[in-house]
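The values are calculated or read from the model by the stated rules, or taken from the named source; none is laboratory data. If you're wondering where the values come from, they're calculated on a predicted model, not measured in any experiment. Cβ atoms come from the backbone with ideal geometry, glycine included; neighbour counts cover every protein chain shown. The accessibility values were calculated without ligands, DNA or RNA, using every heavy atom of the protein model including side chains. Shrake-Rupley method; radii C 1.70, N 1.55, O 1.52, S 1.80 Å.
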Number of protein chains: 2
Amino acid sequence: MGLRERKKHQTRLALIDSAFELFLCQGYEATTVDQIAAAVDVSPRTFFRYFGSKEDLALDFTVEYEELITTALAARPQDEPPFTALAHAFREFIHAMETNAAEDTERFLRHRRVIDANPTLLTTSFARMAEIEKKLVVEVARRQGTDPATDPRPRLLVAFITSAIRVGFECSVDGAAYLGSLIWNVESTLTLAEEALRPGWDQLSLGSSGQVATKASSPR
Amino acid sequence: MGLRERKKHQTRLALIDSAFELFLCQGYEATTVDQIAAAVDVSPRTFFRYFGSKEDLALDFTVEYEELITTALAARPQDEPPFTALAHAFREFIHAMETNAAEDTERFLRHRRVIDANPTLLTTSFARMAEIEKKLVVEVARRQGTDPATDPRPRLLVAFITSAIRVGFECSVDGAAYLGSLIWNVESTLTLAEEALRPGWDQLSLGSSGQVATKASSPR
DNA sequence: TTGTCATCTGTCACGGACTGACATAAATTA
DNA sequence: TAATTTATGTCAGTCCGTGACAGATGACAA
């Protein structure tokens, strides 16, 4: 890696670090791009060459998490039922936040604290989750041997499980033992979701075909 | 109603109308607040006295829909199982979009077209849906005789059904027979969701207590 | 009708998030 | 070292959104 690339990577990290430090101590809204840029001794214009927006910086980590979750799912055994595979993938992801290097755990908690404190960020982070969902749907559909474009069942399954995860997160807005309660809550909502679903539903063994109206095949 | 109030109501509607006309012909992003204000012959400052932001105007109708959905749920018979009641409430809501006065239907379709064309708006409209969910959770918990603050099951149930609705909406991004395909898709995803859930799960007759960790009762 | 009062509105000034254009400085490569 | 690429800073400008102030316009009572 050349010097140029190293420098870029370095200022990028510096921007993120300084930004979150400011977010935590002043709040997200109250922190201006100019402040962040000044903290790294960079012009405001340069900030926008690294991040499309202030929000982009704040939610930058989501792409990393997306990577973690999708690979976790891909690594699950092929013969595992889709719901179980998804549940384990998420479990592994959240567990990784705990067992990772202390510095990674620290970062994760910082992110959560900043996001949870700001409704707009929270909203947009959910929207990013929707991006992750799309990828998960593709993998689930593959495992189910169906076409996600015409069959809504993979989407529904993924939507169900991410709903459970989201509810788990929502229940954990504490300060002190946040990570512990988060893991416990996600675990319990996942269990609840498992109990709520009809056994074997995720395997498409029975039931209707689940065709849906697309531009091509609209009813009537 | 006095003259003053009538005028306010009038300019408010004029702002919405002019705005959506511009949104449809130029796109949401490309339309500036100044343009909207100019179209109604009002100062830009006044625009912000009617709406907190451009987005607020674009998503103004959500409060109306929130009202429709929550009252539809409240009107369902008390002895109806929660899932059935929720499903019917949403069905009624969407059906109302079709059977309403033609002008209301037209407005609904305009809204959808503008929203669907803009990722940011779509995201935020989902966030507003989260607000609706909160109200639904309260009503569902009441019907289930449980406390939504400590028991995640009402939230999970509501999250499941709104997921189904959302998937139904996502499958319907056509132009021509949009409303028809929307109704059909929502209907079919609701049916799918019904099939996916274990019968009677929504009535809390059996299963674990579903306690969740809050600040008060966090596990270790 | 008139005068007081509340409220709505326009104007002005401003801050903060972004963007395009251009020049400069730095690293890469030959 | 020279030529080329690429990152950065400066500058000017747009748009969203807000506080402050003053003038216009209904509301209402005497």
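Comment: the Cα-to-Cβ extended label point of A:F48, at 7 Å, lies 1.9 nm from its counterparts in the other copies, nearest first.
Applying D = kT/(6 pi eta Rh) to segment A:1-65, where Rh is the Kirkwood radius over alpha-carbon pairs, T corresponds to 20 °C and eta to 1.002 mPa s, the Stokes-Einstein value obtained is 178 µm²/s. The angle separating the long axis of helix B:102-116 from the principal Cα axis of greatest extent in chain B is about 80 degrees.
Note: relative contact order over chain A, using C-alpha pairs below 8 Å and six or more positions apart, is 17 percent. A loss of 40 Å² or more of accessible area (1.4 Å probe, protein heavy atoms, ligands and nucleic acids excluded) relative to the isolated chain is seen in these residues of segment B:148-174: B:P152, B:R155, B:L156, B:F160, B:S163, B:V167, B:C171, B:D174.
Each of A:E103 and B:A30 was given a label point 7 Å from its Cα along the Cα-to-Cβ line. The distance between the two points is 4.8 nm.
Report the calculated FRET efficiency for A:D41 and A:A96 (r = Cβ-Cβ distance, R0 = 22 Å), to the nearest 0.05. Intermediate values should be presented prior to the final figure.
Values: r = 34 Å, r/R0 = 1.55.
Result of the calculation: an efficiency of 0.05.
Calculate the dipole size of segment A:3-53 relative to its Cα centre from +1 charges on Lys and Arg beta carbons and -1 charges on Asp and Glu beta carbons; express the result in debye to the nearest 20. Each step should come with its number before you reach the end.
Values: 7 positive and 6 negative charges, 88 e Å.
The dipole of segment A:3-53 has a size of about 420 debye.
Around the amide H of A:L197, modelled in the peptide plane, lie the amide H atoms of B:R198, all under 5 Å away and 5 or more residues distant in sequence or on another chain. Label-point distances for B:R113 to the equivalent site in the other copies, using a point 7 angstrom along Cα→C-beta, read 4.9 nm when ranked shortest first. What separates the Cα centres of segment A:48-124 and segment A:140-172 is a distance of 17 Å. Only lysine pairs 8 or more places apart or on separate chains count here, and in the protein assembly as shown those with Cα atoms under 30 Å apart total 20.
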